[in-house]
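Report on the structure given below.
No lab work stands behind these numbers, since they all come straight from the coordinates. Owing to the predicted nature of the structure, the values given are computational and were not obtained by experimental measurement. Cβ: placed from backbone, ideal geometry, glycine included. Neighbour counts: every protein chain shown.
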Amino acid sequence: WNTLTTDDWDYADHRYWDKAASSYEFYAAAPAAPAATAWTLNANTAAANDDYFTLTGFTLTSHDATDNTAKAYVNSFATAAAGSDLLIAAPCKWTNYAAKVQLQFIHILSRLNVIIKKGAGLGDNDKVYIKNLTVNGLNSTGDFDEHAATAVTTSPGTPASGTDRWDKLSGTVNYVGTFTAETAEVINKTDGKYYLQSLVIPQTAAFESLAVDGSVAATAPELVITYEIYNGCWTGEKTESYTGHYNLAACFGKATTGEKLDFKEGWQNTLTLTINPTAIMFDATVTPWSDGSANDFTID
């Protein structure tokens, strides 16, 4: 949204100020028709300043907004393939008829970012390639009710819990990183690059213990990564492949049953994955000689 210009806020068939009115109350939501559903502006009371938006059955499918050439942070999910970034305007009472109405839009979805970098334990000849990155098991569908919460936190317009304006959560979406074979190499050790940037229905993700090998099916959202290490100096096979299954909440530091990772409205959770496998190292002892026959022999 930081690329929008003044003209982007224009509209057809202009309406005109009634300067006899003491004030106006403005409501706005974007995009106009998100993902085969529609906004409803509801009249709470007869007053003009307490209307509220609802959205029923909004669904997210797998998407990744990352530009795989730059692998940099993106500000906009404007392209259709990248998902619908839902926005509503903060309450806007307007009395200055000589000025443009200034709307302050608020994100009502959450966001997940995954950054990957190489660990310090990898050698200069070790090349890392990400073959697959998925985040499985987050809810894909929900209903939004702006009227369900009024308290806000430091993020403008965000409810106190960050998730309580979304309910009737259902379905699952598996987010898949969209990088290609040509852009899969992890190069940097100090500053990682983005491999997944996706919008998320506000919700919580529970902690559970998972086996890294995936032998136990996950019941809470999980991250699955497959990567290869190639080293042209290795003797024999020069590529090793690794796959790991990790509970998503655990990736963000949750460590006990009952702990949850919050995907709050207007907030983003950014996970930095460091590929730093443990090298196979060796130590050894030598079995001492066992004593056999011993004798003193004199040569005369």
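A Gaussian network model of the chain, with springs between Cα atoms under 10 Å, assigns the largest mean-square fluctuation among Ser110, Ser22, Ser209 to Ser22.
Between Asp167 and Asp18, what FRET efficiency comes out of the Förster formula 1/(1 + (r/R0)^6) with R0 = 41 Å and r the beta carbon distance, rounded to 0.05? That gives a FRET efficiency of 0.60. For region 249-294, chymotrypsin sites (Phe, Trp or Tyr not before Pro) are listed when DSSP marks them as loop and at most 11 other Cβ atoms sit within 10 Å of their Cβ; the list is Phe282, Trp289. Given the rule -39500 (n - 2.57) for each run of at least 4 DSSP H residues, summed and divided by the residues of the chain, what is its mean residue ellipticity at 222 nm, to the nearest 500 deg cm²/dmol? Calculated mean residue ellipticity at 222 nm is 0 deg cm²/dmol. Among the trypsin sites (Lys or Arg not before Pro) within region 225-300, those in coil by DSSP and having at most 14 neighbouring Cβ atoms inside 10 Å are Lys238. Annotation note: trypsin sites (Lys or Arg not before Pro) in region 96-151 located in DSSP loop regions with a Cβ neighbour count of at most 14 within 10 Å are Lys100.
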